[in-house]
1. Restricting the range 21-52 to residues that are of a type in the set (Val, Ile, Thr) and in a loop (DSSP other than H, G, I, E, B), which is farthest from residue 6 (Cα to Cα)?
2. Does residue 5 count as exposed (fewer than 10 other Cβ atoms within 10 Å of the Cβ), acidic (Asp, Glu), modelled with pLDDT of 90 or more and out of contact with any Gly (no Cβ under 8 Å at 6 or more places or on another chain)?
3. Of all residues in the range 8-20, how many are surrounded by 10 or more Cβ atoms within 10 Å (Cβ to Cβ) and part of a loop (DSSP other than H, G, I, E, B)?
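The values are calculated or read from the model by the stated rules, or taken from the named source; none is laboratory data. Here the structure is a predicted model, which means the values were calculated and not measured. No Cβ is skipped: glycine too gets one built from the backbone with ideal geometry, and neighbour counts run over all protein chains shown.
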Amino acid sequence: MRKVDVVEKNFTLQEEVEVVYEKKVTPFGNSAKVDVPKKYRGWRAYVIVVKE
């Protein structure tokens, strides 16, 4: 079961997770992308953009 909480700019996500990794967003035409391994094609994923 998925549970998402946002309280005063704090984000909490509770869900069964396969893998967690960090990637750099790269340019792709007029947009941007994040590459993931081919084995995850078709899976649901979260992209969380954070301030640096």
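1. My answer is 36.
2. It is true that residue 5 is exposed (fewer than 10 other Cβ atoms within 10 Å of the Cβ), acidic (Asp, Glu), modelled with pLDDT of 90 or more and out of contact with any Gly (no Cβ under 8 Å at 6 or more places or on another chain).
3. The total comes to 1.
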